[in-house]
């Protein structure tokens, strides 16, 4: 497994001193720890532990965990929707309180888009509730770093959720991701991350 170090920004000493994380594909052994992480990361929807075991089993090629000293500090669940091989859909992004403000979420998104399973991907999609400013900022910054458009439209309204009290879900469509798959732009599993890229 190849490793690559993403150097911390020298312009920001706080980030230069950020702890190192290993970004890798999740395994079923990570399922329970991922479930616990997501439960701590409000306002993310809590799913069953079984759901995270299935994500690790079925979508490890498009999902990522961030690990430090044997502990999971971050997780991105993503998948390529059926009949849409040019899209990777990001379902959840979770970062532990202890790892926030270091650019870890953005690094995990870059890790996902750089996976061999995403070689044909030209768009990243996700949904964000209007009150989730951190997620809105994360995906808009990802689009800006990639020089890609970020189109937004409501995908699911409150009425879609029936009696469940749930905000609208706004679809963010980022792309086209020019250069995805070209030499020099690929990231690999087992990437080592220090600070913000």
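The residue that is surrounded by the most Cβ atoms within 10 Å (Cβ to Cβ), counting only those in segment 38-49 that are part of a helix (DSSP H, G or I) and touching a residue at least 12 places away in the same chain (Cβ under 8 Å), is 38.
Condition (residue is over 14 Å from residue 124 (Cβ atoms) and part of a loop (DSSP other than H, G, I, E, B)) applied to segment 71-81: is it met by at least one residue? Within segment 71-81, none of the residues are over 14 Å from residue 124 (Cβ atoms) and part of a loop (DSSP other than H, G, I, E, B).
Conditions (1) under 26 Å from residue 67 (Cβ atoms); (2) in contact with a helix residue (DSSP H, G or I) (Cβ under 6 Å, 6 or more places away or on another chain); (3) assigned to a strand (DSSP E or B), marked per residue:
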{"residue": "127", "(1), (2), (3)": "no, no, yes"}
{"residue": "131", "(1), (2), (3)": "no, no, no"}
{"residue": "139", "(1), (2), (3)": "yes, no, no"}
{"residue": "145", "(1), (2), (3)": "yes, no, no"}
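Among residues of segment 52-63 that are farther than 15 Å from residue 113 by Cβ, those with a Cβ under 8 angstrom from a residue that is in a loop (DSSP other than H, G, I, E, B), sequence gap 6+ or separate chain, pair up as 55/26; 55/63; 56/26; 56/27; 56/63; 60/25; 60/26; 60/27. Contact map, segment 88-116: residues that are in contact (Cβ under 8 Å) with a residue 12 or more places away in the chain and at positive phi paired with residues that are part of a helix (DSSP H, G or I) and surrounded by fewer than 22 Cβ atoms within 10 Å (Cβ to Cβ), Cβ distance under 8 Å, separation 6+ or inter-chain. Pairs shown: 103/15. In the set (1) surrounded by fewer than 18 Cβ atoms within 10 Å (Cβ to Cβ); (2) touching a strand residue (DSSP E or B) at 6+ places or on another chain (Cβ under 6 Å), the condition left unmet by residue 88 is number (1). Filtered by the rule that a residue be on the phi < 0 side of the Ramachandran plot and in a loop (DSSP other than H, G, I, E, B), segment 147-181 gives 148, 157, 163, 164, 165, 166, 167, 168, 176, 177, 178, 180. Screening segment 21-37 for residues that are without any contact (Cβ under 8 Å) to a residue 60 or more places away in the chain and in contact with a helix residue (DSSP H, G or I) (Cβ under 7 Å, 6 or more places away or on another chain) and picking the one that is surrounded by the most Cβ atoms within 10 Å (Cβ to Cβ) gives 26. Assessment of segment 72-82 against the conditions (without any contact (Cβ under 8 Å) to a residue 40 or more places away in the chain, more than 13 Å from residue 23 (Cα to Cα), out of contact with any strand residue (DSSP E or B) (no Cβ under 7 Å at 6 or more places or on another chain) and surrounded by fewer than 21 Cβ atoms within 10 Å (Cβ to Cβ)) yields at least one matching residue.
The numbers here are math on the coordinates, done by the rules we state, and not lab data. No experiment lies behind these values; they were computed from the predicted model shown. Here the Cβ is made from the backbone with ideal geometry for all residues, glycine too, and neighbour counts use every protein chain on show.
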